[in-house]
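All remarks here apply to the structure that follows.
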Amino acid sequence: MARRSKTRTAGTEPGEDFEERILDIDVVDEMQSSYLEYAYSVIYSRALPDARDGMKPVQRRILYQMHEMGLRPERSYVKCARVVGEVMGKLHPHGDTAIYDALVRMAQSFSMRLPLVDGHGNFGSLGNDDPPAAMRYTECRAAPAAGLMVDTIDEETVDFAPNYDGSEEEPSTLPAAYPNLLVNGASGIAVGMATNMPPHNLTEVIAAARHLIKHPNADLETLMGLVPGPDLPTGGRIVGLEGIKDAYRTGRGTFKMRATATVEQVTARRKGLVVTQLPFAVGPEKVISKIKDLVNSKKLQGIADVKDLTDREHGLRLVIEIKNGFNPEAVLGQLYKLTPMEESFGINNVALVDGQPLTLGLRELLEVYVDHRFNVVRRRSEFRRGKRRDRLHLVEGLLVALVDIDEVIRIIRSSENSAEAKSSLMSRFELSDIQTQYILDTPLRRLTKFDRIELEDERTRLRAEIEELTRILESDAELRKIVSSELSAVAKKYGTPRRTELLDSAEAPVVAVPLEVSDDPCRVLLSSTGLLARTTGAEPESAEPAKRHKHDVIVSAVPATTRGEIGAVTSEGRLLRLNVVDLPQLPESAPSSLAGGAQVSEFLSLHDGEQLVCLMTLDESSPGLALGTEQGVVKRVVPDYPAHREELEVITLKDGDRIVGAVELRTGEEDLVFITDEAQLLRYAASQVRPQGRPAGGVAGIKLTGEAKVLFFGAVDPGADAMVFTAAGAEGTLDDSATTAKLTPFDQYPRKGRATGGVRCQRFLRGENRLVLAWAGAAPPRAATKSGAPVDLPEADPRRDGSGVPLKKQVAALAGPA
């Protein structure tokens, strides 16, 4: 390759004095030389951290310049643009973007385990989902940890070198009062090599460093016991420790990071996964985007919705709603497998040691730092001893002058000039040049008896300090003790608890369950307070619970399967389909109480004033549904429930009428029961009512007189032990003081014909003219207040038309055994 030493513009001829010189250079040599220069520059000056202070040049320059600018933690914030400008103009010969990016990272609590910059403004978000604001909008100052990095830098503890143009000086390393490289980690890509080091816990790292100071020959296993693994700023879990152990031995290894997620009831209808910690450098937007892609491509099932509820007050909160019918634990396992909720981190501990890039294990990293710290404390002690010796020299000279101050004054007054006075004093009192000059510069007002006492005290103190510093410099044990105690103080002040949980096993800590919930038998329950829930098992408990619970009055219960459907009949004659898997499952410890259920409104859209009357199976082989209305109409519905219809009409109601009771017949041999507010009870066999199609309006069920209304309609097995409950009061009230109730065996009431008036079931007392509550069903009955609290009922009265007794608590609902 030929290269000319001079060039000329095209189209012009060279002058007479032009001399052409051509240099022949081998292209291989040129490329090799240029590439090596570039590689060395990138490795040493940009990409790799120094093993002593853990800083890349740009980070070191930022902290040093902030120190020079006086941006300490107690000072006011300044614009980041000002800091970037100072660093770029004085120390860092690169673009402002690189400097600002480094400054931003040092201010991010989710990137640094111990942030070095205190930022004010938008400094970005986890995973860089929300990039930081421009440097002209953000402000910064040094964080408390930054003071530890530059502390004592003015005491000749580190070497300084010229900056890029020789106009300034910059430190080649920082004093670093804690092992920053291990605590905050590092990442960078150089030429032919890269570094990637995870953050660690400050307390653990300092404990290992102090152990190494005390035991220089400590083995790696002991150090690994003190530093069990990385401690990531974002928390989460590290799964599998073998890769970490390899990295601590050789400087290279791999481990898996896993998000922290718990299964919670995120809505009344659904469970979900609540993610509170994500892997290092993974943001919620990345996770959400990946989940949506997998759901759209049908590669991930069971996800209903994903919401990012992260805020400054509560921190990260990613809510992943799980579809009903899917096991949250199994879905979590799929998320770990397919999304960034589990990521790998490759450890590559490459750092500069004496200007050479080396791959270091845990012990080597600690040794380099400890040696650096020994050197810093030694140089600091030498600097302080020198300063104190210089001061002691001046104090001793001043004390000599104070002993014969009159002679000193006489010599000064008799001298022609300051040079003569200086020479005379030096010869008269045997003082040095520096001592004599200090005496001449000292004002006469300081040469008093009081100042002499102060100077003598200062001389004593300086001699003691010099002696102590000399002892440190001459004793390796004292030096080690000082370094260890200073590290201990840093750990005590700045140490924080571990955030990342370490798991030995590389397997997912989730139960090995199928993705979808199995179609097991269960029972669906409806309480008197409008709560819905499902239980495990298809059969009810055989024994009565020893203790009553709130919400345990089950007004309707049907057998079902977990992934099946049931029907819900409303007071307007609508039959609505309900997915069983949508309902919350009751704990096995209290299956008879619906305190863990959810309101009907969470699952069904009801009209104003519409109520859920009963639950039923959708088995078309059953005897069908029996309905009773407020106006005395009865109907048996032919079991015909098309699967494609979400809503069906099971009766055509007259204007002003509504359903007061509905029950799914089990055998067709039951007795239908009407009870009116005039205390009339009618009982007849269900076989007297002919089944009709769904649109039919039913037939006359009971004969009503005047303004009487039906209070209760139900079906009772004539062969079972059954009871009738009635409560009387003033018209239209359920007032405690005006209510009496009666409990009567069902067999006291004879069967009558359909559409007749029935028999009296309670005699009214003075002030009573209506029944306010009535019920008939299998014994023993359960009663509850409006809030669902249990109520004790009076003893059974064998008189079918007897009067009631006062109640201690107002009864709002009754039901038989669930």
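Brief remarks follow.
- Taken as a whole, the range 577-598 holds at least one residue that is at pLDDT 85 or above and over 24 Å from G816 (Cα atoms).
- Answer from A741, A783 - the residue that is in a strand (DSSP E or B), under 22 Å from L531 (Cα atoms) and either at pLDDT 90 or above or touching a Phe, Trp or Tyr at 6+ places or on another chain (Cβ under 8 Å) (or both): A783
- The single condition from (1) touching a residue at least 24 places away in the same chain (Cβ under 8 Å); (2) surrounded by 14 or more Cβ atoms within 10 Å (Cβ to Cβ) that R136 fails is (2).
- Condition check for D747: more than 23 Å from G661 (Cα to Cα) and not hydrophobic (A, V, I, L, M, F, W, C): no
- Count of the range 109-141 residues which are closer than 17 Å to G54 by Cα and of a type outside the set (S, T, Y): 6
- Tally, over the range 443-462, of residues that are modelled with pLDDT under 85 and among the β-branched types (V, I, T): 1
- Meets criteria (in contact (Cβ under 8 Å) with a residue 40 or more places away in the chain, assigned to a helix (DSSP H, G or I) and more than 15 Å from I62 (Cβ to Cβ)) for V191: no
- Any hit, the range 670-690, residues being among the polar types (S, T, N, Q), over 22 Å from Q762 (Cβ atoms) and touching a residue at least 60 places away in the same chain (Cβ under 8 Å): yes
- Residue among T652, T740, T705 that is more than 58 Å from the chain's Cα centre (by Cα), farther than 27 Å from A557 by Cβ and touching a residue at least 12 places away in the same chain (Cβ under 8 Å): T705
- Options M106, M66; residue that is modelled with pLDDT of 95 or more, in contact with a strand residue (DSSP E or B) (Cβ under 8 Å, 6 or more places away or on another chain) and either within 30 Å of A259 (Cα to Cα) or among the charged types (D, E, K, R) (or both): M106
- Options R60, R52, R46: the member that is in contact (Cβ under 8 Å) with a residue 40 or more places away in the chain and part of a loop (DSSP other than H, G, I, E, B): R52
- When the criteria are applied in full, R237 fails the requirement of being in contact (Cβ under 8 Å) with a residue 12 or more places away in the chain, basic (K, R), farther than 16 Å from D504 by Cα and outside the structural domain of D101 (by TED's automatic domain parsing).
- Residue list for the range 625-649, restricted to those being among the hydrophobic types (A, V, I, L, M, F, W, C) and more than 51 Å from the chain's Cα centre (by Cα): A626, L627, V633, V634, V637, V638
- Pick from the range 234-248, criterion touching a Lys or Arg at 6+ places or on another chain (Cβ under 9 Å) and not hydroxyl-bearing (S, T, Y), ranking: surrounded by the fewest Cβ atoms within 10 Å (Cβ to Cβ): D246
- Of all residues in the range 288-317 being assigned to a helix (DSSP H, G or I) and touching a residue at least 40 places away in the same chain (Cβ under 8 Å), the one that is farthest from G121 (Cα to Cα): L294
- Residue in the range 288-308 that is closer than 30 Å to L182 by Cα, polar (S, T, N, Q) and either modelled with pLDDT of 95 or more or in the same structural domain as L335 (by TED's automatic domain parsing) (or both) present: no
The values are calculated or read from the model by the stated rules, or taken from the named source; none is laboratory data. A quick note: this is a predicted structure, and the numbers were derived from the prediction, not measured. Backbone-built Cβ (ideal geometry, glycine too); neighbour counts: all protein chains shown.
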